[in-house]
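**Q** The structure that follows is given in the form of structure tokens.
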Amino acid sequence: MTTSARVFTVAVAVAGILASGIPTAGAAPVSTRTAVIGGLPIGDADLAETRTDRALARGVTLTTIVRGTEPAPPDQINTTPRGPWVVNVLTIDPRKAKGHLKTTYGADLAGVEKTSDLVKSSGALAGVNASFFTFTANPQYPGDPVGLGISDGKLLSEPLTDPTEANLLIDAKSNKVVTGHLRWTGTVRNRSTGGQLPLEFVNHPPVVPTACATLPDQTTCTVPGDVVRFTPEFAAMTPAGAGVEVVLDRRGCVVRTSSTRGTALTASQTSLQATGQDTVALLKVAGKGCVRTDVAVQDESGHKVPLHSGLYGATGRYQLTKNGEIVVPGGTGSFFDRNPRTIAGTTRDGKIVLATIDGRQTTSVGTTMAETAAVAKALGLRDSINLDGGGSTAMALQDGTVVNHPSNTGGAERLVGDAVIFVPGK
């Protein structure tokens, strides 16, 4: 797509600030940049574009980009080349900023909270919504991540085998961020007998085979079920239901075994649940004594990713740019149409960028997957991924202010599973 010279006016700058929800009174100073270089490569070439900067802290800048000035006709939001688009870009320079990037799930993994609440309760300077999550598919555990979840070096949710999954890996100690698609393996091994069985999931409610749904004793089931590891971060209670559960102490030794699922774990305990025919295998391997539970994560090249303190991970869908080139595939359907978007990535010089694009509104129409990748490249992102979007897209500041305008009715925030945040510090 062609680009045009940016046209900046104070009036449009103020409109952009108001549209994005940034407070205009009592806020940090803002500056409007005027330049003659190309604007965002979306929409018609002659669109006016304004960029307004706000310094949140040393090395942390919030930039609001408003492209296009006329509201879109409601029936043309998904097709108009006139926009408008409102893009909010949080840029963190690790060489200057004091603090660290990380993820947060809030009170527990399975619950949901507003992005603004996750940012505020963590004492973060700013943050955006992050991973795709179960949402309405499992109303009892709506925040359960659909894909990778790592918190301070602990694997809380396994990456999917689906190649469309794109992962964000954060080393909070060095503020280095990498993107890609990770893989994992998990095994439970009895230390005395050597017997072992594979883990299928981490912190995901196991499914009881349909053929055995009415059996009170799952050990009589002849259809394979699931074997799942649960950690205290999941929720106040592990999922209840038919099956077996083995609770382990910090050494991996059995604390108790139950013929049904559902229990409270202390901070030092984990549990293993099984359904269907796998209940027999679990009881044989981990019914008594001590076991070793091993989980390992590998990158796209098969190299081991050490799960060390300070490592965090989130899950998106589709890599947008890789080595500076657009790599998102073509596609059709609602996911590829214009929607609100959340982007995360890094520039060639190591800056971290978190961005939101408002959508499904006459004041900001949103972007297709192809347009999202074009925006990411135009923002200078060498490597970037598409995080959860739609009604989940939100950017918030430490006082709870929502920077963008969510697409839900009245601009209300959707409750989400986790957030990527920047926490100030020394």
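All of the numbers you see were taken from the coordinates with simple rules; none came from a lab. Just so it is clear, the structure is predicted and the values come from calculations on it, not from any experiment. Ideal geometry is used to build each Cβ from the backbone, glycine not excepted, and the neighbour counts take in all protein chains shown.
**Q** Any idea which of T179, T50, T69 is furthest toward the positive side of the dipole for the chain, if Lys and Arg beta-carbons carry +1 and Asp and Glu beta-carbons -1?
**A** Going by the charge dipole, the pick is T179.
**Q** By how many nm would the segment from D162 to A236 lengthen if fully extended, with 0.36 nm per residue of separation less the alpha-carbon distance? Don't jump to the answer; show the numbers that get you there.
**A** On the way: separation 74, 0.36 × 74 = 26.64 nm, distance 2.97 nm.
Here the answer is 23.7 nm.
**Q** OK, next. Suppose every K and R has +1 on its Cβ and every D and E has -1 on its Cβ; what is the size of the dipole of the chain about the Cα centre, in Debye to the nearest 20? Before the final figure, lay out the partial values.
**A** Details: 39 positive and 36 negative charges, 269 e Å.
For the chain, the charge dipole is close to 1300 debye.
**Q** Which of the lysines could a cross-linker span from K304 if the Cα-Cα distance has to be under 27 Å and same-chain partners fewer than 8 positions apart are dropped?
**A** Qualifying lysines at Cα under 27 Å: K102, K154, K173, K176, K322, K351.
**Q** Among all the aspartates and glutamates, which ones have a C-alpha under 14 Å from K288's C-alpha, if same-chain residues fewer than 8 places away are not counted?
**A** List returned: E245, D249.
**Q** Please give the peptides 170-182, 356-368, 291-303, 141-153 ranked by average Cβ packing (other Cβ atoms within 10 Å per residue), highest first, as a rough proxy for protection.
**A** Working: 170-182: 18.3, 356-368: 24.5, 291-303: 13.8, 141-153: 22.3.
Sorting 170-182, 356-368, 291-303, 141-153 by mean packing, highest first, produces 356-368, 141-153, 170-182, 291-303.
**Q** Post the alpha-carbon centroid distance, the stretch 364-385 to the stretch 39-105, in whole angstrom.
**A** 10 Å
**Q** Tell me whether the chain comes out rounded, prolate or oblate; compute the Cα gyration tensor, take square roots of the eigenvalues as a ≥ b ≥ c, and use a/c under 1.5 as the rounded threshold.
**A** Numbers: a/c = 2.33, a/b = 2.07, b/c = 1.13.
Prolate, since a/c reaches 1.5 and a/b exceeds b/c.
**Q** Let me ask something else. Work through the residues other than D278 whose Cβ is under 15 Å from its Cβ and net out their charges, Lys, Arg +1 and Asp, Glu -1. Don't jump to the answer; show the numbers that get you there.
**A** Working: positive: R229, R261, K284; negative: E200, D217, D226, E245.
Result for the neighbourhood of D278: -1.
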